[in-house]
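Some notes on the structure that comes next.
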Amino acid sequence: MANAFRARGTALLRQGRGIPLFSVFGIRVVADYTWFLIVALIATTLTIGWFPTTLPDRAPVHYILLGVPTALFFFASVLVHELSHSVVAVLSGIPVRKITLFLFGGIAEISREPSDPGTELRVALAGPVMSAALAAGFWIAYVAMGDESSRPGLQLAILYLALANSFLLGFNLLPGLPLDGGRILRAIVWKITGSLRRATFLASTVGKVIAGLLILAGIVGVLSRAYVLPGLWFVFIALFLRHAADRSYRQVLVREALAGIGVTSVMVTDVVSVPPDITLSELIEIYLLRHHYTAYPVVDGDIPLGVISVRLVKRVPQGAWRTTSVAQAMHPLTDVITLSLRDTLPTAMQKMAASGLGKLPVIEDGRLVGVVTKRDIASYLEVRSDLSS
Ligand SMILES: [Zn+2]
């Protein structure tokens, strides 16, 4: 647990991962660097595999002109799938900060677990419903173009998109976490048993079984040389799924372990805060390099104004660090990032996830009384689990 948080800390310090593409409905869409690899891979398979096989005897440039846009449409389908999860989450009152497109498709960063099975079910169903609609649309368009289409290239691109969206739909409906089908299974079992922990345990176990079968299929493919590259790919995806299935269950255990525990049990009252009017360069020299914390409350006299973090500093171009003040770059104090003495640790973790900050100020009567950090929550959990084992 603590290691995971520490790893995230070092990830923060690394130069920003991924490229922001655009924002929709207040959700930032970011492409991880690994995503460009998979786009290139799919575009290549389309250009040298799918189109030359299904539509022989054309000039290579023709295949490129078909392959690249088809690959982009495929990834637009993945994005639309993630967006529909996100939009339903936002409509259900669950904030979504961003969608990251990466090697295995897309991940919507839904900042907290749904609080009831109905919401879980709606958010989980939104993606597959969208993929089903897309698949149906492409199938209808493909059939409507008839047998003797005057535009066979376009028709084959549409066929590919129909197949790809049908595959996305089928794969995502497998009933194990972290897949959508796993979330649907979890919502149903949660509704029946009333226990999120038991429902998550079941869905995460099914997820690990699916991952195990996929690993087996991959190894068979590699050893028999029947499908070496797809085989390696299966193993790769399965390891990722296994890890995510494990993590979903651990998250629920953490949430249960922290339920009802107040922020005061981990709050630090001896706080290093920073004034709003110094520049980012001064912040780095005087505070970041000396205290090694990754986030600081910003306080003017004794009035708390916001939180500044390494991540927020890095959003400002390095050339502007000498001219930008802490006040300009900070996350201003809003309910989203403020805790009160009566809040509990699960609330603190939700607010950290929603804001992307690893340290939150605790405010009482308009004054800063302490801070709660992710790292302190992690150590608290570690000590508790050591004592109970
Ligand atoms: Zn999905």
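Observations on the structure shown:
- Flag for Val326 being within 30 Å of Ile215 (Cβ to Cβ) and not acidic (Asp, Glu): no
- Residue within segment 177-185 that is surrounded by fewer than 18 Cβ atoms within 10 Å (Cβ to Cβ) and part of a helix (DSSP H, G or I) present: no
- Condition check for Val88: within 15 Å of the ligand (Cβ to nearest atom) and surrounded by fewer than 18 Cβ atoms within 10 Å (Cβ to Cβ): no
- Residue pairs meeting the criteria (Cβ under 7 Å; at least 6 apart or on separate chains; first in the same structural domain as Pro95 (by TED's automatic domain parsing) and on the phi < 0 side of the Ramachandran plot, in segment 19-45; second assigned to a helix (DSSP H, G or I) and at pLDDT below 85): Ala43/Gly67
- Within segment 32-84, the residues that satisfy the criterion of being out of contact with any strand residue (DSSP E or B) (no Cβ under 8 Å at 6 or more places or on another chain), within 16 Å of the ligand (Cβ to nearest atom) and among the aliphatic types (A, V, I, L, M) are Ala76, Val80.
- If you check Ile278, Ile308 for being under 21 Å from Ser355 (Cα atoms), out of contact with any Cys (no Cβ under 6 Å at 6 or more places or on another chain) and in the same structural domain as Lys359 (by TED's automatic domain parsing), only one passes: Ile308.
- Within segment 193-210, none of the residues are surrounded by fewer than 19 Cβ atoms within 10 Å (Cβ to Cβ), within 16 Å of the ligand (Cβ to nearest atom), within 27 Å of Pro346 (Cβ to Cβ) and over 18 Å from the mean Cα position of the chain (by Cα).
- Number of the exception - Gln155 against (1) within 24 Å of Val206 (Cα to Cα); (2) touching a Gly at 6+ places or on another chain (Cβ under 9 Å); (3) part of a helix (DSSP H, G or I): (1)
The values are calculated or read from the model by the stated rules, or taken from the named source; none is laboratory data. Quick caveat, the model's predicted, so the values are computed rather than measured. Cβ atoms come from the backbone with ideal geometry, glycine included; neighbour counts cover every protein chain shown.
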